[in-house]
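Working notes for the structure below.
What follows is calculated from the coordinates using simple rules that are stated; it is not laboratory data. This structure is a prediction, so every number in the text was calculated from the model and none was measured. Every residue, glycine among them, receives a Cβ derived from its backbone with ideal geometry; neighbour counts consider all protein chains shown.
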Amino acid sequence: MIQLTQAQEQAIRAHGAKEFPLECCGAIMGVVQNGVKIVQEIRWLVNTQENERQRRFLIAPETMRNLMAEEVHTGKTVLGFYHSHPNHPAVPSATDRLWAWEWWTYIIVSVQNGVPAEMTAWRLEDELADFAEEAIVII
């Protein structure tokens, strides 16, 4: 389960709308308490994908290194990442599955004609498994 505030949920939706018709992407930072991922920060990141940005996103390697280093210095954990699916459902694609890592939560917001719609969260149960939907709790 992942817990977001209404403001954090709106930040993800706003990022998706702002970047439409391209995919947006961002980091989900926070802590884990009693098995619940509690989001403390939603961080907009730059989609560095060079081709097909309407259907793909890429986070620069140096950004990933910085996020991992930040975990050590701040105590915040990278809980996962979010991205948008312009004019597509909020379900993981085959490409999403190919690049996913265990444990991290992947939030997907569907953006239909520039308007944020359904938002879902997904997690790999193990390296070889498909995605399982993860509950999102908005507080």
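Spatially, segment 92-125 and segment 15-81 are offset by 12 Å when compared through their Cα centroids.
Using the Cβ-Cβ distance between Arg55 and Asp126 with R0 = 25 Å, the FRET efficiency computed as 1/(1 + (r/R0)^6) comes to roughly 0.40. Summing charges over all other residues whose Cβ lies under 13 Å from the Cβ of Leu67, with Lys and Arg as +1 and Asp and Glu as -1, gives -1. Per residue, the average separation of C-alpha pairs within less than 8 Å and at least 6 apart gives the chain a relative contact order of 27 percent. Highest mean packing first, where packing is the average number of other Cβ atoms within 10 Å per residue, the peptides 28-34, 68-74, 119-125, 129-135 line up as 119-125, 28-34, 129-135, 68-74. Please give the FRET efficiency for Glu133 paired with Glu62, using the beta carbon to beta carbon distance and R0 = 41 Å, rounded to the nearest 0.05. Result of the calculation: an efficiency of 0.85. What the Kirkwood sum gives for segment 42-111 is a hydrodynamic radius of 13.2 Å, with every pair of different alpha carbons counted. Working note: Debye formula, equal point scatterers on the alpha-carbon atoms of segment 77-139, no solvent; log10 I(q)/I(0) at q = 0.28 Å⁻¹ is -1.23. For the chain, the C-alpha radius of gyration sits at 0.97 times the compact-globule guess of 2.2 N^0.38 Å, with N the residue count.
In nm, give the distance between the simple-model label positions of Ala69 and Gln33, each being 7 Å from the Cα along the Cα-to-Cβ direction. For Ala69 paired with Gln33, the spin-label model returns 3.0 nm.
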